[in-house]
Amino acid sequence: MMVEVKNLTQSQCKQVFDRTCLRSIGGQRAYMEAKKEESRLQAVPAEVQPLYKVKGKKVIFTQACEVSARELARILSEIE
């Protein structure tokens, strides 16, 4: 896309210009791919914690949640 430099948005400027030089077309593609990968990695949740854990004869809920009677019965069956 041919755009005058004065009409570039901030994100387009980062794509076109490096700190010291003008990026080549290949360099711009690599920059955009790196940004896509960075966004994809940030979107992935770090570690999913279980909603509960059974410890001895207790059920410990690790976060606020809602369970149906059937789910609660299944959880309780894990104790025995």
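Give the long-range amide H neighbours of Phe17: residues separated by 5 or more places, or on another chain, with amide H under 5 Å away, using H modelled in the peptide plane at 1.01 Å from N.
Those lying under 5 Å, H to H, from Phe17 are Arg23.
Suppose each label sits 7 Å from its Cα in the direction of the beta carbon; what would the Glu78-Glu66 distance come out to in nanometres?
About 2.1 nm, to one decimal.
Round to the nearest 10 and give me the degree value, 0 to 90, for the angle of helix 25-43's Cα axis relative to the longest principal axis of the chain.
The angle comes out near 20 degrees.
Can you give the charge dipole size of the chain about its Cα centre, rounded to the nearest 20 debye, using +1 on the beta carbon of Lys and Arg and -1 on the beta carbon of Asp and Glu?
On the way: 14 positive and 10 negative charges, 25 e Å.
So the magnitude is around 120 debye.
Eigenvalues of the Cα gyration tensor times 5, then square-rooted: what semi-axes does that give for the chain, in whole angstrom, largest first?
54, 12, 10
Which lysines have a Cα less than 28 Å from the Cα of Lys6, not counting those fewer than 8 places away in the same chain?
Hits, sequence-local ones excluded: Lys14, Lys35, Lys36.
Values in this text are rule-based calculations from the coordinates and carry no lab data. Owing to the predicted nature of the structure, the values given are computational and were not obtained by experimental measurement. Cβ atoms come from the backbone with ideal geometry, glycine included; neighbour counts cover every protein chain shown.
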